[in-house]
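Structure record follows, encoded as structure tokens.
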Amino acid sequence: MSERITVTLPDGSSREFDRGATAADVAASIGKRLAKDALAAKADGEWIDLARPLDGDTNLEIVTPAGPDGREVLRHSTAHVLAQAVVRLFPGAKYAIGPAIADGFYYDFELPDGATFSDTDLERIDAEMRSIIGADQRFVREEHDFDAGLAVFADQPFKREIIEKVRGGAADSDDAGEVATDAVGVYRNVAADGSVAFTDLCRGPHVPSTARLGAFRLMRVAGAYWRGDAKGPQLQRIYGTAWESKAALEEHLHRLAEAERRDHRKLGVELDLFSFPDEIGSGLAVFHPKGGLVRRLMEDYSRRQHEAAGYQFVYSPHITKSDLFQTSGHLDWFADGMFPPMEVDGETEYYLKPMNCPFHILIFRSRTRSYRELPLRMFEFGSVYRYEKSGVIHGLTRVRGMTQDDAHIFTTKEQMGEELSSLLDFVLGLLRDYGLDDFYLELSTKPEGKAVGTDEEWEEATETLRTAALGKGLDLVLDEGGGAFYGPKISVQARDAIGRTWQMSTIQVDFQLPQRFDLHYVGADNERHRPIMIHRALFGSVERFFGVLVEHYAGAFPVWLAPTQVSVLPVADRHDDYAWQVADRIRAAGGRVEVIDGHAGALGARIRRAKTEKVPYVLVVGDADVEGATVGVNARGADDPERGVSVDAFVERLLGEVAGRA
């Protein structure tokens, strides 16, 4: 066996090292800056610590802080320091799991005697963490067999359960993140004097020492059930965020503050758009008049665009006999997301529909179809109901009752590629019309063990979607195993005004449901052929899209979507008649206008009210305006008002902005 190994770097260059050299040695050979920045490494795609010896030729990537991989290592290591601090401050605490998550990390704990964390405790824990970081403790990895691993965590029941489940082959994704299938990875935090300060179960990797950490913030405490099971132990979860620098942390905290300012749940109340009455139930929204108006404007514009694109409108009921979802496969693959059945007439079970697709299939199957009718595009604003767990319900973006702007296209296999391409153009164009214009695409593939159909069908559907997506000039990322049980999908991911990503439209290719429902069309050869079905939800759901738009615009809808476009404010009572004349002129032109007269308070208070309600235009009218048939225009976001604008000029301006969807 050669005593020299070849290490190939991401740029294609290679270097030779003695066998047993570490990733840290490789980083040092490249340069002092890289050696200083290095946090961990990937050897042939596998995460490793910098101190791990390299046994043979390998492709090596050094992981540094300013990137997704580096941040994941920083966050995971900071979570370990959090656990160490809690165990120090709360003797007898049991610690469960502490993964890195999007923009942060968390750790779950069970405190002695059912105790809970307080805000004051977070301050103490933060201080203890900074003490540990200042001590520059090394992260040292060990590997044990399962019996030895169980002994290491003899007094930590959650860690023991994880090890046992992995050994028994019953591990879930959280377990797999803690323990490999062939060995128990243990990390010990070693103090300067060589003593072990803390021990945790983990696959790694971690930063070389705690001194590499520090740009973190503990955010909040929440309750969590062990393994998400409401019948399991109730744990205390501490959330935090960690970054590569203080500047990056401050930027993130600023984004969080901005996100809080834009929270659609808060703005929904402040702007009187919607609510969730307790009397109705969790995840079930009612839209108030202003919110209902915005929603109607959204839907009406979508309807007009669909009509122009050749879609045919259909309607379907809210409930169905169970046989329909048995045939479709939803009861086999989606039952956990459905409300329990209702028994009618003593024997027949009915379900609230979680999907519209089986209903559209029955419409297609209601008579013989010709190839001349294809592609046949059906569209419905269809209400569906899904039993989301209470812990994941979140305002309008995760609800139990929703309206999907659902389209199903029945096409020949030969037409499929062209239809998918034009469908993506239609989806992206319509989303842009609503003010979203920063996209990338995500391709979700076959979920192994949870799918129907042959590998060949899945491969053909996936490749056709990939080809259509690549033709749009957008970034395409892969979501392995993220497809539906009946087919792969493309998701349009949109970034909002503050850079957050939202999943918007989905387009799914389905070879399976046409088979399950035995769909056919008569081809040009007068023979029967099987159509391909494309599922498409553009908004995702009207409720979710509404919530996203509220946050994207921070409640300040563009003029064409604003529930009230213009507020007219007379300076004094003697100007009331003229204010109403102005309002009537705007209303006659199709504008949405209100008059806020002196009964609502002083002029300054009325102006503040209109601005708080985010009205695009506030018109103030006084003596000079009455005399000159003008208005004073206070445009939302403008620094100074415009004086002496003629009413006709303003109306023309308003209508122009509406027509341009400004």
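Here are the numbers for the structure shown:
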read-out	value
Residue that is small (G, A, S), closer than 26 Å to I48 by Cβ, open to solvent by less than 20 Å² (accessible area, probe 1.4 Å) and in contact with a Cys (Cβ under 9 Å, 6 or more places away or on another chain), where the choices are G104, G149, G98	G98
Candidates A170, A230, A224, A192 - the one that is under 15 Å from A96 (Cα atoms) and at pLDDT below 95	A224
Residues located in region 434-463, provided they are open to solvent by less than 30 Å² (accessible area, probe 1.4 Å) and of a type in the set (S, T, N, Q)	S444, T445, T462
Any pair with Cβ under 7 angstrom, 6 or more apart, that starts in region 332-351 at a residue that is free of Cβ contacts under 8 Å to residues at least 60 places away in the same chain and under 14 Å from K321 (Cβ atoms) and ends at one that is β-branched (V, I, T) and open to solvent by 50 Å² or more (accessible area, probe 1.4 Å)	Y350/I319; Y350/V344; Y351/I319
Qualifying residue in region 533-543 (condition: open to solvent by less than 20 Å² (accessible area, probe 1.4 Å), of a type in the set (A, V, I, L, M), in contact (Cβ under 8 Å) with a residue 60 or more places away in the chain and within 18 Å of A497 (Cβ to Cβ))	no
Residues located in region 607-641, provided they are of a type in the set (D, E, K, R) and either within 39 Å of the chain's Cα centre (by Cα) or surrounded by fewer than 14 Cβ atoms within 10 Å (Cβ to Cβ) (or both)	R608, R609, K611, E613, K614, D623, E627, R636, D639, D640
P205 touching a residue at least 60 places away in the same chain (Cβ under 8 Å), surrounded by fewer than 20 Cβ atoms within 10 Å (Cβ to Cβ) and more than 22 Å from the chain's Cα centre (by Cα)	no
Those residues of region 30-65 which are open to solvent by less than 50 Å² (accessible area, probe 1.4 Å), without any contact (Cβ under 8 Å) to a residue 40 or more places away in the chain and over 17 Å from E244 (Cβ atoms), in sequence order	G31, K42, A43
Count - residues of region 613-662 that are closer than 20 Å to V571 by Cβ and either of a type in the set (S, T, Y) or free of Cβ contacts under 8 Å to residues at least 24 places away in the same chain (or both)	17
Residue in region 70-79 that is among the aliphatic types (A, V, I, L, M) and in contact with a His (Cβ under 9 Å, 6 or more places away or on another chain) present	yes
Residue list for region 477-531, restricted to those being open to solvent by 10 Å² or more (accessible area, probe 1.4 Å), assigned to a strand (DSSP E or B), aliphatic (A, V, I, L, M) and over 22 Å from D437 (Cα atoms)	A484, V522
Residues located in region 382-397, provided they are in contact with a helix residue (DSSP H, G or I) (Cβ under 9 Å, 6 or more places away or on another chain) and either part of a loop (DSSP other than H, G, I, E, B) or surrounded by fewer than 18 Cβ atoms within 10 Å (Cβ to Cβ) (or both)	R386, Y387, E388, K389, G391, H394, G395, L396, T397
Index of the failed condition, D18 passing every other in (1) among the charged types (D, E, K, R); (2) in contact with a helix residue (DSSP H, G or I) (Cβ under 7 Å, 6 or more places away or on another chain); (3) open to solvent by 70 Å² or more (accessible area, probe 1.4 Å)	(2)
Leading residue by the ranking (modelled with the lowest pLDDT) among those in region 1-23 that are outside any strand (DSSP E or B) and over 36 Å from the mean Cα position of the chain (by Cα)	M1
Qualifying residue in region 429-448 (condition: of a type in the set (A, V, I, L, M), touching a residue at least 24 places away in the same chain (Cβ under 8 Å) and part of a helix (DSSP H, G or I))	yes
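Each row is one residue, and each column tells you yes or no for (1) more than 20 Å from the chain's Cα centre (by Cα); (2) under 19 Å from L122 (Cβ atoms); (3) of a type outside the set (S, T, Y).
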{"site": "K231", "(1), (2), (3)": "yes, no, yes"}
{"site": "R237", "(1), (2), (3)": "yes, yes, yes"}
{"site": "A248", "(1), (2), (3)": "yes, no, yes"}
{"site": "L253", "(1), (2), (3)": "no, yes, yes"}
{"site": "V269", "(1), (2), (3)": "yes, no, yes"}
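The values are calculated or read from the model by the stated rules, or taken from the named source; none is laboratory data. The shown structure was predicted, so the numbers you read here are calculated from the model rather than taken from an experiment. FYI the Cβ positions are ideal-geometry reconstructions off the backbone, even for glycines, and counts take in every protein chain you see. Surface accessibility is based on the protein's heavy atoms, side chains included, excluding ligands, DNA and RNA. Shrake-Rupley method; radii C 1.70, N 1.55, O 1.52, S 1.80 Å.
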